1. Residues to consider are A:Ala121, A:Ala133; find the one that is under 19 Å from A:Gln214 (Cβ atoms), within 12 Å of chain B (Cβ to nearest Cβ) and small (Gly, Ala, Ser).
2. Only one of A:Val98, A:Val80 is modelled with pLDDT of 95 or more and more than 7 Å from chain B (Cβ to nearest Cβ); which?
3. Residues being within 9 Å of chain A (Cβ to nearest Cβ), aliphatic (A, V, I, L, M) and touching a Leu at 6+ places or on another chain (Cβ under 8 Å): count how many of those fall in the stretch B:108-117.
4. Right, B:Arg104: among the basic types (Lys, Arg) and touching a helix residue (DSSP H, G or I) at 6+ places or on another chain (Cβ under 9 Å) or not?
5. Hey, any hits in the stretch B:8-22 for a residue that's within 12 Å of chain A (Cβ to nearest Cβ), on the phi < 0 side of the Ramachandran plot and part of a loop (DSSP other than H, G, I, E, B)?
6. Got at least one residue in the stretch A:11-27 being over 27 Å from A:Met140 (Cα atoms) and assigned to a loop (DSSP other than H, G, I, E, B)?
7. Look at B:Leu105 and say whether it is within 9 Å of chain A (Cβ to nearest Cβ) and not in a loop (DSSP other than H, G, I, E, B).
8. Among the strands (runs of 3 or more DSSP E) lying completely within the stretch B:26-97, list those that include at least 2 residues that are crowded, with 18+ Cβ neighbours inside 10 Å and touching a residue at least 40 places away in the same chain (Cβ under 8 Å).
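The values are calculated or read from the model by the stated rules, or taken from the named source; none is laboratory data. Treat the numbers as computed from the prediction; the structure is a model and nothing was measured. Note that we place each Cβ from the backbone using ideal geometry, even for glycine, and neighbour counts take in every protein chain shown.
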Amino acid sequence: MSDYKRVIVIFPHPDDETFGAGGTLASLVDAGSKVTYWCGTLGEMGRNMGNPVFANRETLSTYRKKELDEAAGVLGIDVVHLGYRDKTIEFEVLEEMVTHLRTKLEEAKPDLVITHFPGYAVHPDHDALGRAAVEAVKEMKEEERPDVWMHAISNETSEDLGAPAILKDISDYWDTKWKAIRTHLSQADGMVDLINREDQLERLKTERFYTLDQLQ
Amino acid sequence: MMEPIKPEKVQDIIDNFSEKPVYVHLETTNGAYASHFNEKAHNVGAFIRNAHVTYEHGKIISTGGGYRVGLKLELGWVYAEGLTDYEVDEHNRLLMAGHDEQGRLMVALEISETPFAHEADYHE
């Protein structure tokens, strides 16, 4: 049995769930957790359009939403869309986002929230939504507060933050993660490119998360 | 589906949008991860969505490898370089984009008589 009954994943783009946490999510589902992905945007402004190109700026969101539905099926998770717009999250009013997320978290009552480590997640949407999610959890009553695992990406992560508290060897779930990666077809080539880099492949096979007490 | 730009055809479409109010999406990007994968690189990007303009005339110019498009406004210009592909979609919008060898969008210029979707496309 999983330690966690109810898991909420908060990332901004369709594919963040697979790339950063796919193996962990599949293993949690396997152990009996109910996992829901609160997806911030539809990745409308992504620059990967498929290779060969099949999407354009106006149709990309439709493809990415469908791809996310398929990936969620592979991982065994549900999807809820938060309704923000790609590339613009950091320009929203932070307090409004925090209230939005806190209200939803109080309703969902998760015992684990997975999000990005604010300031160490490279993409401005990652940092901004991660910041809002962390603040939302901090605003919750202590007895209702879920555990928080934060995914960090930046090259300075280890040097600045030390070792992550949660280190998941997801070798047993690599096939599932790989299958989910492939369902993100419009984005897959950019990802596969990464996988051809040995260091990046290693990163994908070990999923790392920092906990709230590691937040600086 | 986008296809390689046919300049005469695109010129005709640009002409048809001239002298009337149109909405423009203009964008360029080298990706949010440019400096993550190459520390010497610099993330660069800009976009404007639904600029509401009327242009007197516009031109498409071949550069050999791609195309430039310029639209002359009463008080200024709209300009894009590096366009390679185009499409007129089901809403009669002219979508142009420049893609790199891996199909990644580097630049886009789109013209429409109706606004482009500007809120999140999907609410729970």
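1. On the way: A:Ala133 fails: within 12 Å of chain B (Cβ to nearest Cβ).
The match here is A:Ala121.
2. Values: A:Val80 fails: more than 7 Å from chain B (Cβ to nearest Cβ).
Only one candidate passes the filter, namely A:Val98.
3. 1
4. Numbers: among the basic types (Lys, Arg): yes; touching a helix residue (DSSP H, G or I) at 6+ places or on another chain (Cβ under 9 Å): yes.
Yes: the conditions hold for B:Arg104.
5. As a first pass, look at the stretch B:8-22 and keep what is within 12 Å of chain A (Cβ to nearest Cβ): none.
No, that holds for no residue.
6. yes
7. Taking the combined requirement at face value, the residue satisfies it.
8. On the way: elements: B:45-53, B:55-62, B:67-73, B:77-83, B:85-88.
Answer list for the stretch B:26-97: B:55-62, B:67-73, B:77-83, B:85-88.
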